Structure formats: structure tokens, C-alpha cells
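The numbers here are math on the coordinates, done by the rules we state, and not lab data. Being a predicted model, the structure only gives us computed values, none of them experimental. Cβ sites come from the backbone with ideal geometry, for glycine too, and all protein chains shown count toward neighbours.
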Amino acid sequence: MICKILMPEFLSKSNNLTQSQAAIGVFDSGVGGISVLQHIHSLLPHEHLIYVADSKHAPYGNKTPAEITERCFALADFLIAKNVKALVVACNTATAAAIDDMREKYTLPIIGMEPAVKPAAEASKNGIVGVLATTGTLKSAQFAALLESYGRNVKVVTQACVGLVECVERGELGAENTKALIRQYCAPLLAEGADTIVLGCTHYPFVRDVIAEVVGKKVSLIDTGAAVAKQLKRQLEESDLLNAFNQPGEVQFFTNSSAENANKVIEMLWGKSAEVGCL
Ligand code: DGL
């Protein structure tokens, strides 16, 4: 892609901003976290948002926790240099691998996310919950702890969706290869009788319609984007960091993708035109 040097108005004035007027930094291994960004933008329309897609290093799902933590530090440093007041790790895999080390290293509020096992266990009528996520998330100690806390009274069936993140990164949401992967990964969950399926990776809400078509109307799909936005709002309120100004917030994107269509994919997922700079 052709890079632009971006300096939105709110960044150029950043020296004069109070902390509450600063932007919120949101990042993911790639474009998946835009599904979380949408919830944040609708709940907090006056907040400036800076989204970073680490697409050059996606997927994180097959990387070691140490490799993911290194990437998270690099992205956090990039966003902190832009004076952000809070960070949202819009990635289940990165949260599982790095959130503890991030909270130890940085002092600003950091909001992470985890697969929605708790709400799914509460919502399931037959007590069988499926979880679609990355290999990294499913293998993590954080996920084991989540099952220990909330998965005791239900049967939890997990499925790693290798290759699905890449389909979303390429913008191939309705393509036949994407549908084939979704059919393959949903089959074991349906065979076990899951009536509730957790979308445990922020890329998956972008193929929610295809997943819904495959699993049928009787199966509920749950993700955590809205809950993360609410948690962010609560934390900003508690830290007195909500932007009190009544102007619409600016949204800024950065990517290190080398794909020709990187901007187009971001705009397609965001649903409108977007200013995209280079990471
Ligand atoms: N969006 C990331 C997540 O929520 C995808 C991880 C990956 O890049 O494999 O887990």
C-alpha cells in the first residue's frame, strides 16, 4: 500500500490537550479488532480513537507468548508515543499472552478481552457451549483459568480455527474457501450438540453471518466486543478520563500490512472511508 503521513488535528494539538481529551489506543494482530472498535465508537462517540493493525505479524495464534508480548510492547509504545490515555488490547490471543506483562510495564489503563465463556455458559439451555478461537488462546493458561471459573457446570467444546484470521485479513468474508473453513470448524461443535457458540477471536464477528448460516437459527453466537466497550467506559469514568467535549471523535488507523488492498479491507470492515497511515 502507499503510505500516508498522518497528523490528525487532535494529534497535532496534543501538547495542549488535557489527558481526558487524548485518544484511546486500540490494537490487534490485524484488522479483527475493528469489530471491537465499532462497539467503542458507538458507545463513546466523542472519544478520539487510534487503531493499530499489526497485520504484517498476523496471525498471532501460532506465535509463542514471548513473541506476542514483544509485539504488544512495540504496539503499546507506538500508541503511547501518540499520547493515548488508555489502551484496548482488541485481541483475545494477545490478551492471554501479554496482558499481565503489559500491566506490569505500563501505568495507563489497559483493557483486555477473553472469550465469552461466562455469558455463554449462562445463556446455554442444554449446557453445551462451543468455543471458536485461535490455537494460542485455547492453549493459554488464561483460557484454562476461564474454564475453571465458568465452565464447570457446562460441557465446553473448543475448536481452533487455523486459517480463518487470514481469510478476514484478506477481506475474503464471503469467499468459498472461508465458508469451507467455517463449515469444517463448526461441524465438531454441532456434532457435540452445542446450542451456544463463542466467537473467541475478534476477527470472527466479521464472518458472523456465514457462521450463523452454517450453524442455523437454533444456535446462539456470542462475542465480547460490546462488553469490552462497556468495560472501557467504566474504567475511563473511574479514572476521570472520559472526554467531556461534545464534538464527534476522530478515528485514525495505522497498519504495517504490505497488501495492495490493505486500505480497502480496513474501509470495508469499518464500513466507511478511513484515514490509514503506516505503522
Ligand atoms: N483477533 C485475534 C484474536 O482475537 C486474532 C489472533 C491472531 O492473529 O491469530 O485472537
(request) For the chain, return all DSSP H helices satisfying: extent of Cα atoms along own axis at least 18 Å; mean Kyte-Doolittle hydropathy at least 1.6. (result) none
(request) Hey, could you get me the Stokes-Einstein D for segment 155-279, Kirkwood radius over alpha-carbon pairs, 10 °C and 1.306 mPa s, rounded to whole µm² s⁻¹? (result) 93 µm²/s
(request) Considering the convex hull of the alpha carbon atoms of segment 206-267, report its projected area averaged over all viewing directions, in nm², one decimal. (result) 7.4 nm²
(request) Note down the net charge around Gly200, summing +1 for each Lys or Arg and -1 for each Asp or Glu among other residues with Cβ under 11 Å from its Cβ. (result) -2
(message) Output wanted: per-residue J couplings in Hz (rounded whole) for segment 155-162, from phi through Karplus 6.51 cos²θ - 1.76 cosθ + 1.60, θ = phi - 60°, x for Gly and Pro.
(response) 8, 10, 10, 10, 8, 6, 10, 4
(request) Pull up the cross-link candidates among the lysines for Lys56, meaning alpha carbon to alpha carbon under 22 Å and not fewer than 8 places away within one chain. (result) Lys4, Lys82, Lys264
(request) Please list 55-67, 182-194 highest first by mean number of surrounding beta-carbon atoms within 10 Å per residue. (result) 55-67, 182-194
(request) Enter the per residue convex hull volume of segment 93-159, computed from alpha-carbon coordinates, in Å³ rounded to the nearest integer. (result) 82 Å³
(request) With the Cα gyration tensor of the chain in hand, give its eigenvalues times 5 under a square root as the equivalent ellipsoid semi-axes, listed largest first in whole angstrom. (result) 31, 21, 17
(request) At q = 0.17, 0.20, 0.24 Å⁻¹, what is the base-10 log of I(q)/I(0) for segment 145-221 according to the Debye formula with one equal point scatterer per Cα and no solvent? Please give it to two decimals. (result) -0.66, -0.87, -1.17
(message) Using only DSSP helix segments of four residues or longer, with each worth -39500 (n - 2.57), what per-residue ellipticity at 222 nm results for the chain after dividing by its residue count and rounding to 500?
(response) -12500 deg cm²/dmol
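Given the convex hull of the Cα atoms of segment 39-126, what is a quarter of its surface area in nm²?
If you wrap the Cα atoms of segment 39-126 in a convex hull and average its projections, you get 7.5 nm².
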(request) Beta carbons within 10 angstrom, averaged per residue: use that to sort the peptides 166-179, 83-96, 236-249, highest first. (result) 83-96, 166-179, 236-249
(message) Using only the Cα atoms of segment 94-241, what semi-axes does the equivalent ellipsoid have when each is the square root of 5 times a gyration tensor eigenvalue? Give whole Å, largest first.
(response) 27, 19, 15
